[in-house]
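One structure is given here, and the rest of the page talks about it.
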Amino acid sequence: MGLFDWFKRGVGEMMVARPDDAKSHVVWKHPDPTIPMGSQLTVEADEVAVFFRDGKVVATMQPGRHTLSTSNLPFLSNLVDSFTGGNVFVAEVFFVSTREHTGVKFGGRVGHVEDPKSGIPVETMVHGEFSFRVSEPESLVTGLVGMGRAESHHVRSWLKEQVLKVIRDRIGELCVKNKWPLLDVTSGAYTVEIEQFVLGELGNHVGSYGLRIARLGNFVIAIDEEDGDNLKKLYTDAAYLRTVGGVGAYKDFAAGKAMMGAGEGMAKGGGGAGGGDGGAASAGMLGGAGLGVGLGLAQLLVKDNRGGDVLAPAAAGVICGGCGASVAPGKFCGQCGVSLAPPPEAEPQASAYCTGCGSALGADARFCGQCGASAKT
């Protein structure tokens, strides 16, 4: 509305307020900077009105209904347009919402994060919701929105990027420093700790713009499905081997897995071409690797009937369930005389014979493996 229109209508009252269709906007700018003296300013309970002149904050009006006159609001005397005889003042009025804005969805790729329990890098994603509110309306307008007409989706989009950036930068740090297994993180076991840390970090990024991330909701960290299946299998194997053979078994298992992986690669043609010496060398290496892993795992998995760990012998023989000794095959243990499982077809060469039944005895046998008689004469 132009100057002569104001004179035509006199100093009639004007209503300055945010319209209903703009109530959802974080920031809304009143379209006309020329406002007649005596106009009625209405500020809703969930907003404030910020007056600017020449790019500077003049005043911030709190919720309520205000009559815009110099007698009622002395700061308006600095805004009066003298050309109109004091009947009009000039100012840019921004209505800034101060309520909590909820349900802002975000999500994206975090990247590869090393699982502290296995040392394996895992593709990680995050998605959820957050809420925010304006803590300093003046800083939001001057620092982020600017003096033009603002679009609320610009504020939300910028906040989404900040939330994702902080999570991307800090989630790996949290997992490694605190040694949180990624499967525990994805189960939600550390959601509270992660939320508190992220909210604290976000304050450093958005606080200077007069904004505050109030809370994170439905906050989920996820990992690639295939990576998750691999981690579960690895955790299961590791837990079993730790139960069977202790920490040493777990380390040997990891080494064995690496050897078997190398063997699988050589079996597919790695290490040589054609049917020449390279292929033979690969086959020899594969056989050696397989034999070494097989013997190593066989030793790890043998346990006696008392629950203790017993290493199986590399040579032919059996483990006694009574004393845990490695003895020659037979019906009875050569060390303690306890009954053994049926012997294999091949028996070790004997250095002596039982005087009772004539059966072959081991070099260090104290009892006959066939009749149980003492080997001592």
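Take every Cα pair under 8 Å whose residues are at least 6 apart in sequence, average their separation, divide by the length of segment 101-223, and the relative contact order is 39 percent. With 24 Å as the limit, the listed pairs Lys179/Lys232; Lys105/Lys177; Lys29/Lys165; Lys56/Lys165; Lys105/Lys232 have Lys105/Lys177; Lys29/Lys165; Lys56/Lys165; Lys105/Lys232 beyond it between alpha carbons. In terms of Cα atoms, the Rg and Dmax of segment 178-226 work out to 13.2, 42 Å. Projected label points at Val192 and Arg168, each 7 Å from Cα along the beta carbon direction, are separated by 3.0 nanometres.
Using 0.36 nm per residue and subtracting the Cα-Cα separation, the extra length available between Val338 and Ser208 on full extension is 38.7 nm.
The length gained on full extension between Gln40 and Asp237, counted as 0.36 nm times the residue separation minus their Cα-Cα distance, comes to 63.5 nm. Taking the Cα centre of segment 108-233 as origin and assigning +1 to Lys and Arg Cβ atoms and -1 to Asp and Glu Cβ atoms, the resulting dipole is close to 340 debye.
What FRET efficiency, computed as 1/(1 + (r/R0)^6) with R0 = 25 Å and r the Cβ-Cβ distance, is obtained for Val220 and Ser157, rounded to the nearest 0.05? Taking R0 as 25 Å, the efficiency between Val220 and Ser157 is 0.75. FRET efficiency for the Val176 to Ser131 pair, using the beta carbon distance and R₀ = 30 Å, is estimated at 0.55. Annotation: amide H-H contacts under 5 Å for Ser135 (H modelled 1.01 Å from N, sequence separation of 5 or more, or interchain): Leu211, Arg212. Per-residue Cβ neighbour counts within 10 Å put Met37, Met15 in the sequence Met15, Met37, beginning with the fewest.
Readers should treat all values here as calculations from the given coordinates under stated rules, not as data from a laboratory. Predicted, not measured: the structure shown is a model, and the values here were computed from it. We place every Cβ from the backbone using ideal geometry, glycine too, and count neighbours over all the protein chains shown.
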